[in-house]
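What follows is a single structure, written as structure tokens, with notes after it.
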Amino acid sequence: MKRCFGYVRVSTVKQGDGVSLEAQREAILAFASRNNIEITQWFEEKETAAKRGRPLFNQMVRDLHRGKAHGLVIHKVDRSARNPADWVQIGELADAGIDIHFVTESLDFRSRGGRLTADIQAVIAADYIRNLREECIKGITGRLKQGLYPFRAPIGYLDNGGGKAKTLDPRRAPLVKLAFELYASRRHSLRTLLAELNRKGLTNREGGTLTLCGIETLLNNPFYTGIIRIKRTGMSYRGVHERLISANLFERVQAIKSGKSGPKVTRHDHIYRGLFRCGHCHGPMVPELQKSHVYYRCAVKHCPTMTVREEALAAAIDTCLAQSQLGHADAADFLARIETWVAQTNSSDQEKAWQLRKAAIQDRIDRLTDALVDRLIDRDAYADRRQRLALEEEALDEEHQKIGNRAAKAAHMRTLIELAKTLCLSHQLAEPAEKRRLVEMTTSNRRVYGKNICIEPSNWLSEVENT
Ligand SMILES: [Zn+2]
């Protein structure tokens, strides 16, 4: 009985001619028993043979040359020969006196005619896969031009099969959006953001825990703003899928990440950090944790302002907000004014200005493409600027929607009024980050004199009141 290796391979690319590992294995076993062969070891690969340098294949060839088996049984010529270099190695094995058997082709590899037939089949197989690859690339480019993303959906989106746009994942999309918002708030490093998102239950596409690398990839992906970027080619396309975040927010996150914008992230998460100053010496009130209470202290020595507790600050804010809260009658009046104002707004001038800017961007895109064609800039520079322009275009379109959509504008203002009606409650119920934003937005001139806390309502609130 001859001792042989069995070699089976399935490719990960969908080829339509796939014979499963099990089926190949069975065919090889049947062949072996017919021909008095014992399969002593299996080599199974789950990759496309079009790429050379597969470790398993190379290992097998080495072992055969070392005489660890008499021969090799392969399911079909194209299983081994999708690339010419592998085929050469198979030929060398045969030349070295090792038996090569193909289950589905009755080829006598030792005869000249048999080798020739096998060689021809190998060439055909190699050509087939080249063609396949070309067709595949053509298909992908076509999809991209239609604004479809022909790969697996990023976290926060769902696949709907080829030819259909990705749709928002109702479970993950809000959390992905939150990730951008939290990071843009500068209250998080990537690490604390990751911890926060894990806590909120954001998982990766396999349902596993998100990694630091994963969160970075997520924040880098302009897909969420509607732009499909293909890293390998450096090309950007405008997707037809629903946008999750604004181009503006995306840009802000990129700026913070690259360290180009604003102060570094602080890890201590005291709610009112940096929001209050000492009324005597104008220095910041610095938070510190003591015996499970947070105190805010003036950092200047011998200043009459010593410390106030966070609770005292919260209470003072509540008082201020309660005073500047909009009464129901005022709110109703204000809402009526909004309706009138929105109805009167004439947006045709804005529309014209917008058209001009849009045309200017298109012009820049055209010139950029010309520069690439004329080789005035290289591919990387092109890709970089092209993406920048795509983002600008996106931001412009968002602006356009704002101009055009009066109803949305009115809705936004109504939300503000609603907020102004319930300021105090919002402050009490908000999560720390929101609380902070709320205080920043609605109050100003926050100072501590000794034990006295002074807060003024911010301008927009006063304006709402005055109107
Ligand atoms: Zn002071």
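Table for the structure above
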| item | result |
| --- | --- |
| Enumerated helices (runs of 4 or more DSSP H) restricted to region 81-200, each holding at least 2 residues that are of a type in the set (A, V, I, L, M, F, W, C) and within 30 Å of Ile28 (Cβ to Cβ) | 84-95, 112-145 |
| Total residues in region 243-259, condition free of Cβ contacts under 8 Å to residues at least 40 places away in the same chain and assigned to a helix (DSSP H, G or I) | 2 |
| Candidate set from region 271-309 (those that are in contact (Cβ under 8 Å) with a residue 24 or more places away in the chain and surrounded by fewer than 17 Cβ atoms within 10 Å (Cβ to Cβ)); member that is farthest from the ligand (Cβ to nearest atom) | Met306 |
| Residue identified as among the basic types (Lys, Arg) and over 30 Å from Arg437 (Cβ atoms) among Lys200, Lys177, Lys138 | Lys138 |
| Criterion (without any contact (Cβ under 8 Å) to a residue 40 or more places away in the chain, among the polar types (S, T, N, Q) and outside the structural domain of Lys68 (by TED's automatic domain parsing)) met by exactly one of Thr167, Thr117, Thr141 | Thr141 |
| Selection count where residues are touching a Ser or Thr at 6+ places or on another chain (Cβ under 8 Å), assigned to a loop (DSSP other than H, G, I, E, B) and either among the basic types (Lys, Arg) or crowded, with 20+ Cβ neighbours inside 10 Å (or both), scope region 223-242 | 1 |
| Condition met for Arg379 (more than 16 Å from the ligand (Cβ to nearest atom), out of contact with any Ser or Thr (no Cβ under 9 Å at 6 or more places or on another chain) and of a type outside the set (S, T, N, Q)) | no |
| Odd one out for Leu313, checked against (1) in a helix (DSSP H, G or I); (2) within 16 Å of the ligand (Cβ to nearest atom); (3) touching a helix residue (DSSP H, G or I) at 6+ places or on another chain (Cβ under 8 Å) | (3) |
| Residue that is farthest from Leu148 (Cα to Cα), among those in region 191-203 that are surrounded by 15 or more Cβ atoms within 10 Å (Cβ to Cβ) and touching a residue at least 24 places away in the same chain (Cβ under 8 Å) | Thr192 |
| Qualifying residue in region 95-114 (condition: more than 23 Å from Phe5 (Cα to Cα), free of Cβ contacts under 8 Å to residues at least 60 places away in the same chain and surrounded by fewer than 18 Cβ atoms within 10 Å (Cβ to Cβ)) | yes |
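The values are calculated or read from the model by the stated rules, or taken from the named source; none is laboratory data. Only a predicted model underlies this, so the values are computations on that prediction, with no experimental measurement involved. Here the Cβ is made from the backbone with ideal geometry for all residues, glycine too, and neighbour counts use every protein chain on show.
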